[in-house]
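Presented below is the structure to which this report refers.
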Amino acid sequence: MLNAPLILTLNGGSSSIRFAFYGAGESLARLCHGKVEGLGLAEPRLSFAASGGEVVESLLLSAADRKAPVTFLLEWLASRPEFDRIEAIGHRVVHGMGQTQPEVVTTQLLSELHRIRLCDPQHLPREIELMELLRRRLPEVPQLACFDTAFHSGMPRVATLFPIPRRFESKGVRRYGFHGLSYAYLLEQLQHLNDPAASIGRVILAHLGSGASMAAVLNGRSVDTSMGFTPTSGLVMSTRSGDLDPGLVRFLARTEGMTMHQFDQMVNHESGLLGISETSPDIRDLLKTEAKDPRAAEAVALFCYQARKCIGSFAAALGGLDTLVFSGGIGEHQACIRTRICEGLSFLGIEVDPTLNAAGEGLISRPGARVSVRVIATDEELMIARSVWRAWGASRLRMELA
């Protein structure tokens, strides 16, 4: 096992880069994992954990490394014994526009990603940089780009249209949706749990974290989602605004002299929970202070209100609801937020059992409730590893057996 081939997964986000090593095989056992987090903040840090989850290394990035976190991470990975055993690499790529399935990283694909990088300037530049540096460092190792948008590629046309002049659609302007790797994983977990709604039924998947979105799934296929052309849209998020009146662009330009760049900075990094509370983008902080800080209380209330409205609208799109799944950092760990979101939704058949919810059980709906309400920990990295194994695993095994 010491020389067994490995799959490296990389998940480049707007403020972090997550990585993991998996044994190349049907079980895809995770050997170790880590992340560089706090990118753009004063003290970004790399942490590295063994398979059991215990942190075995934690490093504060130097001033020079903060300016080139991708280079720092790859140099650190190259110093690890696992690096020489990498057989394939999988990347989460947030925006793939019309891509419907994972794609091998080629010069042509990288050129296309460079072309669309303005569609997602928060994620794509770092993801492209990771792929390009690894191509130079490990030119013989295949890489696979796994697109968040692919999960939603089969949405009905009416769910993808924007009510603006039709000519912009030919330029790729439409609703794409994101968090697709998380949603694909959650559906597979629902199938493992023998929830019939995963294949034949009406499901709402709620990925609630620093980035937050929901997806309406009918008979195993995405039919609508809260995010649109970019990951800035949809629900209230930690620092992202979610949906806004487009008239704000003109209003703020005229009254504040706000430029396009300043507006983009505001809606992506200064809004959401941080903008409303004026104190923190972290809902854990806001829950601690909401009793004495009305700004924190309003931020939490708005987050839950918008999520509740989204569930109601998606239930309408689905013609009812069979299963609701909470996931993501907030959805998985904040029982009180799940309770507040579900309050008033009993008319849909959503009834949360307080005891089960507080205990963090996987199934938190009341016994006999019409809608199953579940909590499932998502795993985008494992979904990437599965995609890589499905692409190359069978062929590798055939070569070994030949």
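The values are calculated or read from the model by the stated rules, or taken from the named source; none is laboratory data. Quick caveat, the model's predicted, so the values are computed rather than measured. Glycine also receives a Cβ, built like all others from the backbone with ideal geometry; neighbour counts cover every protein chain displayed. Heavy atoms of the whole protein, side chains included, go into the accessibility calculation; ligands, DNA and RNA do not. Shrake-Rupley method; radii C 1.70, N 1.55, O 1.52, S 1.80 Å.
Quick grid of which residues meet (1) among the hydrophobic types (A, V, I, L, M, F, W, C); (2) over 23 Å from residue 302 (Cβ atoms):
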{"site": "161", "(1), (2)": "yes, yes"}
{"site": "183", "(1), (2)": "no, yes"}
{"site": "213", "(1), (2)": "no, no"}
{"site": "231", "(1), (2)": "no, no"}
(request) Counting only residues that are modelled with pLDDT under 95 and closer than 23 Å to residue 116 by Cβ, give me the helices (runs of 4 or more DSSP H) lying completely in the range 215-290 with at least 2 of them. (result) 260-269
(message) Please count how many residues of the range 8-22 are out of contact with any Lys or Arg (no Cβ under 9 Å at 6 or more places or on another chain) and at pLDDT 95 or above.
(response) 1
(message) Which pairs turn up if I take residues in the range 255-269 that are touching a residue at least 12 places away in the same chain (Cβ under 8 Å) and under 14 Å from residue 122 (Cα atoms) and look for partners that are of a type outside the set (Val, Ile, Thr) and assigned to a loop (DSSP other than H, G, I, E, B) with beta carbon separation below 7 Å, at least 6 apart in sequence or on another chain?
(response) 267/240; 267/241; 267/244; 268/122; 268/240
(message) So, in the range 116-139, exactly how many residues are in a loop (DSSP other than H, G, I, E, B) and either within 25 Å of residue 175 (Cβ to Cβ) or among the aromatic types (Phe, Trp, Tyr) (or both)?
(response) 5
(request) Filter the range 100-115 down to the residues that are part of a helix (DSSP H, G or I) and of a type in the set (Ser, Thr, Tyr), then identify the one that is least open to solvent (accessible area, probe 1.4 Å). (result) 111
(request) Among the residues of the range 25-73, write down those that are assigned to a loop (DSSP other than H, G, I, E, B) and aliphatic (A, V, I, L, M). (result) 28, 29, 39, 41, 42, 61, 68
(message) Name the single residue that is farthest from residue 123 (Cα to Cα) among those in the range 20-38 being touching a residue at least 60 places away in the same chain (Cβ under 8 Å) and not acidic (Asp, Glu).
(response) 25
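One line per residue, one yes/no per condition, for (1) part of a helix (DSSP H, G or I); (2) touching a residue at least 40 places away in the same chain (Cβ under 8 Å); (3) under 30 Å from residue 12 (Cβ atoms):
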position	(1), (2), (3)
292	no, no, no
304	yes, no, yes
336	yes, yes, no
340	yes, yes, no
357	yes, no, no
387	yes, yes, yes
(message) Please verify whether residue 314 is farther than 30 Å from residue 24 by Cβ, touching a residue at least 12 places away in the same chain (Cβ under 8 Å) and in a strand (DSSP E or B), treating the condition exactly as stated.
(response) no
